[in-house]
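S.K.: So that we are looking at the same thing, I have put the structure below in structure tokens.
The values are calculated or read from the model by the stated rules, or taken from the named source; none is laboratory data. From a predicted model like this one, the values you see are computed outputs, not experimental measurements. Note that we place each Cβ from the backbone using ideal geometry, even for glycine, and neighbour counts take in every protein chain shown. Heavy atoms of the whole protein, side chains included, go into the accessibility calculation; ligands, DNA and RNA do not. Shrake-Rupley method; radii C 1.70, N 1.55, O 1.52, S 1.80 Å.
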Amino acid sequence: MAHPQFAAELLQRAEAQGPITIGLAGAGQMGTDIVVQVALMPGMRIGAISEVRPQAAIGAALLAGHDRSDIVQAANASAIDRAIEAGKIAVTEDLHALAAAGRVDVIIDATGNPNIGTLFALEVMKNGKHIVMLNVEADITIGRFLKEEARKAGVVYTGAAGDEPACTLEIIGFAKSLGFNIIAAGKGKNNPLKIDAMPADYEKEAAERNMNARMLVEFVDGSKTAIEMVAIANATGLVPDVPGMHGPTATLEELASVLCPREDGGVLHRKGVVDYSIGKGVAPGVFCIIETRHPRVLERMVDLKVGKGPYFTIYRPYHLTSLEVPLSAARAVVYKRADMEPLDHPVAEAVAVAKSDLGAGQSLGMIGENDYRGFAMTWEDARAKGALPLGIAERAKVVKPVKTGDFLTYENCVPDDSMVITQIRRRLDQSDGQFVTNAA
């Protein structure tokens, strides 16, 4: 959470050194929000936007209130730097130019593609810049590698404030610093869970909500929830209690009595888990179930109407998605600190489960399409099954038929080794020494 003095610190820094200059990759829905929000923030500015559709970047800058004369197109890094020095916003089609621009302090990746995001993050870090990844899919697949590369480069690699994982971490950190036991942490799921959701059935709703159907389905079929909970797990050491998690229909009032151990009337087999609820009143918030046994603390918590104990729900009723992201960029520059980064070793995995029957020879589509959905489990479970990580399922080739509901594995699928994210992940798996992938 931003310190109350943070806005003042940003202004002081701007007076002494000029505003924090952000480079943004991608001007889709999230990117546009970021451009608009930064224009309202003290001591910060957008210096450059990389976008394959330059008109989208120009439109975002106009929407944020910038004059058309202050938005210039730039073909290379030095042109970007000249534009920033002149107080203008540079728009480029070249991610490499953005990564290399010397006047940019920190870069936000809002490309939404795990493989492109990985390549880009590596280049940004090689150029000595901090990187804020909106790309949770890349983070859960090879985040520990990216964190290590950032450490070598002396820069910050961080997840993005505003997304559920970082917002959940905020309250986990608060609870831990007070010495509470963490029983469970997670989010309210915004859409009803429909594991067989297909984009064709969601075209109308997606159009009404100004998003594409694939992206909507990634939320509806549970993939995004699995991705986000695994990101929290791998940043904290909390784990999915059971494969797929419980996902109870617990309301906000019921959370602490449901996501607690079975011996106390809840559903959990252990303490220290990630999970989500589809019950009323939880979404769009994030929560942390905590425990205290000290009679004095219990008395105070009950007195303060937090709950009835010994388990209590600490709750943040909102996450402002893209609007909060610039805070992570600012903290990376000012404090050299990540809002969220993975542990050195993962404890959970988001894997791919078939959404329809898949035939040998088939090449797999993207997350949120018709072929597979994301599913969260512990890292050990995923390893034992030889399950295919969700972040490298796209473009994988099916080599043995897979039935609906079955796991995609290294035995029935071969990931696309032309993608750098696949290559890095394979190296990580080999260094873990857990299993050798089938190179069929």
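S.K.: Among the residues in the stretch 244-251, are any within 30 Å of Asn113 (Cα to Cα) and either in contact with a helix residue (DSSP H, G or I) (Cβ under 7 Å, 6 or more places away or on another chain) or crowded, with 24+ Cβ neighbours inside 10 Å (or both)? Lay out the reasoning, then the answer.
M.R.: Taking the stretch 244-251 and keeping what is within 30 Å of Asn113 (Cα to Cα), we get 244-247.
From the residues that got through so far, the ones that are either in contact with a helix residue (DSSP H, G or I) (Cβ under 7 Å, 6 or more places away or on another chain) or crowded, with 24+ Cβ neighbours inside 10 Å (or both) too are 245.
Yes: one or more hits.
S.K.: Something else about it: So Leu119 clears everything in (1) open to solvent by 30 Å² or more (accessible area, probe 1.4 Å); (2) part of a helix (DSSP H, G or I); (3) without any contact (Cβ under 8 Å) to a residue 40 or more places away in the chain except one condition, right? Which one?
M.R.: With respect to (1) open to solvent by 30 Å² or more (accessible area, probe 1.4 Å); (2) part of a helix (DSSP H, G or I); (3) without any contact (Cβ under 8 Å) to a residue 40 or more places away in the chain, Leu119 is out only on (3).
S.K.: Show me the helices (runs of 4 or more DSSP H) found entirely inside the stretch 1-76 where at least 2 residues are under 19 Å from Glu93 (Cβ atoms). Quick ask: steps written out before the conclusion?
M.R.: Values: elements: 6-17, 29-40, 54-63.
Here the list reads 29-40, 54-63.
S.K.: So, one more: Which ones in the stretch 335-361 are of a type outside the set (Gly, Ala, Ser) and crowded, with 17+ Cβ neighbours inside 10 Å? So that I can check it myself, show each step before the final result.
M.R.: So the first thing to find is which residues in the stretch 335-361 are of a type outside the set (Gly, Ala, Ser), and the list is 335-337, 339-347, 349, 351, 353, 355, 357-358.
Result: Asp339, Met340, Glu341, Pro342, Pro346, Val347, Glu349, Val351, Val353, Lys355, Leu358.
S.K.: Return the residues of the stretch 156-197 that are open to solvent by 40 Å² or more (accessible area, probe 1.4 Å) and in a loop (DSSP other than H, G, I, E, B); say none if nothing qualifies.
M.R.: Hits for the stretch 156-197 are Leu178, Gly179, Asn190, Pro192, Leu193, Lys194, Ile195, Asp196.
S.K.: Determine, yes or no, whether Leu323 is touching a residue at least 12 places away in the same chain (Cβ under 8 Å), open to solvent by less than 20 Å² (accessible area, probe 1.4 Å) and within 30 Å of Ile131 (Cα to Cα). Walk me through it before giving the result.
M.R.: On the way: touching a residue at least 12 places away in the same chain (Cβ under 8 Å): yes; open to solvent by less than 20 Å² (accessible area, probe 1.4 Å): no; within 30 Å of Ile131 (Cα to Cα): yes.
So Leu323 fails the test.
S.K.: Also: Provide a single number: the residues in the stretch 84-116 that are of a type in the set (Ser, Thr, Tyr) and either more than 13 Å from Gly47 (Cα to Cα) or open to solvent by 40 Å² or more (accessible area, probe 1.4 Å) (or both). Spell out how you get there, then give the answer.
M.R.: Let us first name the residues in the stretch 84-116 that are of a type in the set (Ser, Thr, Tyr), namely 92, 111.
Add one more test, that the residue is either more than 13 Å from Gly47 (Cα to Cα) or open to solvent by 40 Å² or more (accessible area, probe 1.4 Å) (or both), and what stays is 111.
Looking only at that region, the number is 1.
S.K.: Could I ask something else about it? Considering each residue of the stretch 63-72, count those that are within 30 Å of the chain's Cα centre (by Cα) and open to solvent by 80 Å² or more (accessible area, probe 1.4 Å), and give that number. Full working, then the answer.
M.R.: Taking the stretch 63-72 and keeping what is within 30 Å of the chain's Cα centre (by Cα), we get 63-66, 71.
From what is left, the residues that are open to solvent by 80 Å² or more (accessible area, probe 1.4 Å) are 63.
The total comes to 1.
S.K.: Here's a follow-up. Determine which single condition Leu268 fails, assuming it passes every other condition in (1) among the hydrophobic types (A, V, I, L, M, F, W, C); (2) more than 30 Å from Val155 (Cβ to Cβ); (3) open to solvent by less than 40 Å² (accessible area, probe 1.4 Å); (4) touching a Ser or Thr at 6+ places or on another chain (Cβ under 8 Å).
M.R.: Just one mismatch for Leu268, condition (4).
S.K.: Still on this structure, I have one more. If I ask for residues that are among the small types (Gly, Ala, Ser), touching a Lys or Arg at 6+ places or on another chain (Cβ under 7 Å) and in a loop (DSSP other than H, G, I, E, B), which ones from the stretch 215-241 would you list? Steps first, answer last, please.
M.R.: Narrowing the stretch 215-241 to residues among the small types (Gly, Ala, Ser): 222-223, 226, 231, 233, 235, 237.
The next check asks that each one be touching a Lys or Arg at 6+ places or on another chain (Cβ under 7 Å); those that pass are 222-223.
Scanning the stretch 215-241 gives a single hit, Gly222.
S.K.: Give the stretch 100-113 a look and list any residue that's touching a residue at least 60 places away in the same chain (Cβ under 8 Å) and either small (Gly, Ala, Ser) or closer than 22 Å to Glu324 by Cβ (or both), or say none. Spell out how you get there, then give the answer.
M.R.: Going through the stretch 100-113, the residues touching a residue at least 60 places away in the same chain (Cβ under 8 Å) turn out to be 101, 103-112.
Result: Ala101, Val104, Asp105, Val106, Ile107, Ile108, Asp109, Ala110, Thr111, Gly112.
S.K.: If you don't mind, another one. Would you mind telling me which numbered condition in (1) surrounded by fewer than 20 Cβ atoms within 10 Å (Cβ to Cβ); (2) closer than 15 Å to Val353 by Cβ Ala393 fails?
M.R.: Of everything listed in (1) surrounded by fewer than 20 Cβ atoms within 10 Å (Cβ to Cβ); (2) closer than 15 Å to Val353 by Cβ, Ala393 misses just condition (1).
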